[in-house]
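Every read-out reported here was derived from the displayed coordinates using simple, explicitly stated rules and does not represent laboratory data. What you are looking at is a predicted structure, and each value in this text was computed from that prediction instead of being measured. Cβ placement follows ideal geometry from the backbone for every residue including glycine, while neighbour counts extend to all protein chains displayed.
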Amino acid sequence: MNRKQRFALFLAALEQVAPANDRVSARALLENTLNLIEETHSGVPFDPERWMIDGRMYPPHDDFERPCSIAGAVLFHSVAHAIWFAANGAIRIEARRGPDKGRVELDKVGTDGKLCPCD
C-alpha cells in the first residue's frame, strides 16, 4: 500500500478512537495509531534510525518540537505536516508544504469535546 493510502487509513483510524485526556496521551494515541497502521500496511520494519530513507511514516520525534504560542499545547513538525497536541487532548494535523499547505487534515476533539485552539 502506498504512503498516501496509508496516511488516509491512519487519519480514519485516529478519528475513530476515543479522544485523549491531555497532550501527552494525545501524542501517545497518535504514535500508537500510526505505528499500528504502518506495521500492518507498510511492509517496512520499525527502525527510527532509517526514517529518512525507508519509506515508512514515523510519529514526530522530540527533536521536531517547535515553539507554540497556544497555552498548554505543543507543536511538532514532520516532513509534510504540523501537528498540535492540546492540553485538552485535542489533535490537529495540518499540511505544511505544497499546494495543500495550510489544509487541516485532522481536527480531533479532546475529551471535553473541544478542538485545539490553533487558529
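Scanning the range 12-28 for residues that are buried (at least 17 other Cβ atoms within 10 Å of the Cβ), in a helix (DSSP H, G or I) and touching a Leu at 6+ places or on another chain (Cβ under 7 Å) returns a single hit, Leu14.
Does Val79 meet the test of being part of a loop (DSSP other than H, G, I, E, B) and loosely packed, with under 13 Cβ neighbours inside 10 Å? Answer is yes for this residue.
Just one of Ile70, Ile93 is of a type in the set (A, V, I, L, M), assigned to a loop (DSSP other than H, G, I, E, B) and in contact (Cβ under 8 Å) with a residue 40 or more places away in the chain; which is it?
On the way: Ile93 fails: assigned to a loop (DSSP other than H, G, I, E, B).
None of the other options fit; the residue is Ile70.
Could we say that Leu106 is in contact with a helix residue (DSSP H, G or I) (Cβ under 6 Å, 6 or more places away or on another chain), outside any helix (DSSP H, G or I) and surrounded by 15 or more Cβ atoms within 10 Å (Cβ to Cβ) here?
Details: in contact with a helix residue (DSSP H, G or I) (Cβ under 6 Å, 6 or more places away or on another chain): yes; outside any helix (DSSP H, G or I): yes; surrounded by 15 or more Cβ atoms within 10 Å (Cβ to Cβ): yes.
Considered against the rule, which asks whether it is in contact with a helix residue (DSSP H, G or I) (Cβ under 6 Å, 6 or more places away or on another chain), outside any helix (DSSP H, G or I) and surrounded by 15 or more Cβ atoms within 10 Å (Cβ to Cβ), Leu106 comes out as yes.
For the range 33-51, name all the residues that are loosely packed, with under 13 Cβ neighbours inside 10 Å and either under 15 Å from the mean Cα position of the chain (by Cα) or among the β-branched types (Val, Ile, Thr) (or both). The one that is loosely packed, with under 13 Cβ neighbours inside 10 Å and either under 15 Å from the mean Cα position of the chain (by Cα) or among the β-branched types (Val, Ile, Thr) (or both): Thr40.
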